[in-house]
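Everything below concerns the one structure shown next.
What follows is calculated from the coordinates using simple rules that are stated; it is not laboratory data. Worth saying up front: this structure is predicted, and the values here are computed from it rather than measured. Cβ sites come from the backbone with ideal geometry, for glycine too, and all protein chains shown count toward neighbours.
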Amino acid sequence: MNDNQLLRYSRQILLPQIDVEGQEKLLDSRALIIGLGGLGSPAAMYLAAAGVGSLALNDYDVVEISNLQRQIAHGTENIGEPKAVSARKALERLNPDVRVTELTSRLEGAQLEQEIARADVVLDCSDNFTTRFAVNAACVRTRTPLVSGAVIRFEGQLAVFTPGVGNNPCYNCLYADHGELAESCVQTGVLAPLPGIIGSLQALEAIKLLTGVGEPLVGRLLLLDALSMEWNQMILKRNPRCPTCAGSA
Ligand SMILES: [Zn+2]
């Protein structure tokens, strides 16, 4: 680390659990962020600010005016631009230390698995179940840690999955793979700061996984009801008949 980096990350290095060693782990890490919308914007910005050295940004949408209410990596001047490009510019402004890769097409099949295998941690910041199940399955196959966030209306949820470690569940153990849950904030609305809260927590959990600090939110589902400002936790169990992870170690 150079002097500039020691200064830039000094408030993190001051934490004895992080120290210079933890900061170097972050600088050597690669995170894949799927979706640069309401969740992915704050998640990517915090990971870049915190000095995660390599960030791959995947989004095949372009910035629209209705996104700007909550997708804070994008500005009015970015309308019409691919979200991965607009977010890359925001992250480079924030921290030129970080190497940002734009992935502007829909990642599927072998390409999705390849990108996930390259990452030390994956943040699922997408808004649809098709992507969530595909990302989870590729994380299980490659044993890549997954930080999953979701928001709708006034509710948010967060969970961390570490496939291949002990008897931990996967996302598919939690949700069966069918379409009836497929509503999104496009149809139902969402209050602006809520994805900011959950996306920031996704960045926090990713940093804990990358540095090995603390207890990640594995095997637990954290639920936020913002209207009553109540947080709840559910314990998640592995489904022995899970179509994705049953039979894998
Ligand atoms: Zn499973």
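Counting pairs on different chains as well as pairs 8 or more places apart, how many Lys pairs in the chain have Cα atoms under 26 Å apart? Lysine pairs meeting both conditions in the chain amount to 4. With the charge dipole of the chain set up from +1 on Lys and Arg Cβ and -1 on Asp and Glu Cβ about the Cα centre, the Cα lying farthest toward the positive end among the listed residues Leu6, Leu26, Val213 is that of Val213. How would you classify the stretch 63-121 from its alpha-carbon gyration tensor, with a ≥ b ≥ c the square roots of the eigenvalues: rounded for a/c under 1.5, else prolate if a/b is greater than b/c, otherwise oblate? Cα axes put the stretch 63-121 in the oblate bin. For the stretch 109-249, the antiparallel share of DSSP beta bridges with both residues in that region comes to about 80%. The simple Förster model, with R0 at 22 Å and r as the Cβ-Cβ distance, assigns Asp28 and Leu94 a FRET efficiency of 0.70. Magnitude of the charge dipole for the stretch 3-235, about its Cα centre and with charges confined to Cβ atoms of Lys, Arg (+1) and Asp, Glu (-1), is about 240 debye. Return a whole-number percent for the relative contact order of the chain, with Cα pairs under 8 Å and 6 or more residues apart as the contact set. Relative contact order, the chain: 20 percent. A Cβ-based charge dipole, computed about the Cα centre of the stretch 1-80 with Lys and Arg at +1 and Asp and Glu at -1, lands at about 160 debye.
In the chain the longest region clear of GluC sites (Glu not before Pro) that are loop-assigned by DSSP and have at most 15 other C-beta atoms within 10 Å covers 109-182. Take the alpha carbon gyration tensor of the chain, find the square roots of its eigenvalues, order them as a ≥ b ≥ c, and report rounded if a/c is under 1.5; if not, report prolate when a/b exceeds b/c, else oblate. The shape class here is rounded.
In the chain, the DSSP beta bridges split such that about 50 percent are antiparallel, to the nearest 5.
Note on the chain: with a GNM built from Cα contacts shorter than 10 Å, the maximum mean-square fluctuation among Gln12, Gln157, Gln187 falls on Gln187.
Per residue of the chain, the DSSP helices (runs of n ≥ 4 H) give a summed -39500 (n - 2.57) that works out to -10500 deg cm²/dmol at 222 nm.
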